[in-house]
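To start, the structure itself, in structure tokens.
The values are calculated or read from the model by the stated rules, or taken from the named source; none is laboratory data. Every value quoted in this text rests on a predicted model; they were computed, and no experiment measured them. So basically every Cβ, Gly included, is an ideal-geometry build from the backbone, and we count neighbours across all protein chains shown. Note: areas computed on protein heavy atoms with side chains; ligands, DNA, RNA excluded. Shrake-Rupley method; radii C 1.70, N 1.55, O 1.52, S 1.80 Å.
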Protein chains: 2
Amino acid sequence: MRREGLLDAAEELLSDQGSSALTLAAVAERAGCSKGGLLYHFSSKEALIKGMVERLIEEFDELVAAQGHDTYTKNYLAATFAAVRSGRIRRWAVVTGASGNPYLLAPLREAMARWHREGLDGEPDPAAAQIVRLACEGLWDVVSHDPGLYDDSRYAELERRLLDLLSE
Amino acid sequence: MRREGLLDAAEELLSDQGSSALTLAAVAERAGCSKGGLLYHFSSKEALIKGMVERLIEEFDELVAAQGHDTYTKNYLAATFAAVRSGRIRRWAVVTGASGNPYLLAPLREAMARWHREGLDGEPDPAAAQIVRLACEGLWDVVSHDPGLYDDSRYAELERRLLDLLSE
DNA sequence: TTTACTGTACCGGCTGGACGGTTTAGTGGT
DNA sequence: ACCACTAAACCGTCCAGCCGGTACAGTAAA
């Protein structure tokens, strides 16, 4: 699917060179196609960014749903660590791409509200769950800016401690 | 000081209208001065953004240093809640402004590495301190996107629980 | 105490270039 | 014949940075 390749190219461009490098010509070149080809799939730059945002949210929701724990927070925790450890941290990049138009950020705001509210009051210890979710959020942020901050053993300990918080 | 007013105007523009609204003309107009006047204080757009980033980091470091606790993490926690509760959450806005050039983000990356490393191994429970700092980071993020997510009592409980984590 | 000069703080019009988007003409697989 | 593009020219808009001014405060010799 060429569409996916174009979204990939746009994300790579964003994380390598920053949001001002996201031009239609650059995305097309990186994806190995022409500007016309890009505009065939995404009729405007806005549509391209919207596509990135939607894919990001969908993929993460799927990853959360694919975990097999008994609470949303535990699934969210596992999904976050899976994503962060895999190294494909496009969240930050996509967000910077969308930061030009508040309108494009709306789905992301909505998703974030959901991620931090969903099933919170049904958990054994809502405050602990809240802290764990916030720490996951922080991890996304920190790792995006400084990928080398934590090594595998740190990740493992961190995940264990966060899981402990949810079962005390 | 006109300089500060220009930085304020730039930040306001970023958080109200997104990063693409950050043009020299718009900043000047919002600050009530001319484009020439703006370029007198900041010789380029890059310099303006650099100014915002630097002020952000300095102010937060000062806020941390002004707290009177016995560990860095506790000071960091108190500073975060003070900033977040005051409603002046410019961090996200400034970052989106700088996201055009990776070069402009460098000081922020450096600061973030510092905030998440400083005195960590000297704390009674480094893993707990790490979690608290990550949760603070997450709080910045979440509150920037969804300011109405938490009310005062939630903040109070959250801060108490995070403080508890540091003294068990 | 007038004059001449210097530096600071600012104004606002202009321009060159980049970028988003359109169009047109054409290609190759199915 | 249609889909999924390619290639390239082109247009209008927007914006950063430049530049030639202006106003004013100090200062210091004559």
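Of note:
- Residue B:56 assigned to a helix (DSSP H, G or I), crowded, with 18+ Cβ neighbours inside 10 Å and within 14 Å of DNA strand D (Cβ to nearest atom): no
- Here the condition is being in contact with an Asp or Glu (Cβ under 7 Å, 6 or more places away or on another chain) and either acidic (Asp, Glu) or assigned by TED's automatic domain parsing to the domain that holds residue B:56 (or both); of B:113, B:98, B:156, it holds for B:113 alone.
- Scanning region B:5-53 for residues that are among the aromatic types (Phe, Trp, Tyr) and surrounded by fewer than 20 Cβ atoms within 10 Å (Cβ to Cβ) turns up just one, B:40.
- Looking only at residues in region A:110-134 that are closer than 26 Å to residue B:14 by Cα and within 7 Å of another protein chain (Cβ to nearest Cβ), the one that is surrounded by the fewest Cβ atoms within 10 Å (Cβ to Cβ) is A:113.
- Scope region A:91-113; condition farther than 11 Å from residue B:96 by Cα and of a type in the set (Ser, Thr, Tyr); matching residues: A:103
- Within region A:110-119, the set of residues being in contact (Cβ under 8 Å) with a residue 40 or more places away in the chain and in a loop (DSSP other than H, G, I, E, B) comprises A:118, A:119.
- Pairs meeting the criteria (first residue in region B:149-168 and facing chain A (nearest Cβ under 8 Å) and open to solvent by 50 Å² or more (accessible area, probe 1.4 Å), second residue in a loop (DSSP other than H, G, I, E, B) and of a type in the set (S, T, N, Q), beta carbons under 9 Å, at least 6 apart or on different chains) are lacking.
- The set of residues in region A:135-148 being free of Cβ contacts under 8 Å to residues at least 40 places away in the same chain and either at the interface with chain B (Cβ under 7 Å from one of its Cβ atoms) or open to solvent by less than 10 Å² (accessible area, probe 1.4 Å) (or both) consists of A:135, A:137, A:138, A:142, A:146.
- Residue match in region B:57-70 (condition: within 14 Å of chain A (Cβ to nearest Cβ) and not charged (D, E, K, R)): yes
- Exactly one residue out of A:102, A:107 is free of Cβ contacts under 8 Å to residues at least 40 places away in the same chain and open to solvent by 10 Å² or more (accessible area, probe 1.4 Å), and it is A:102.
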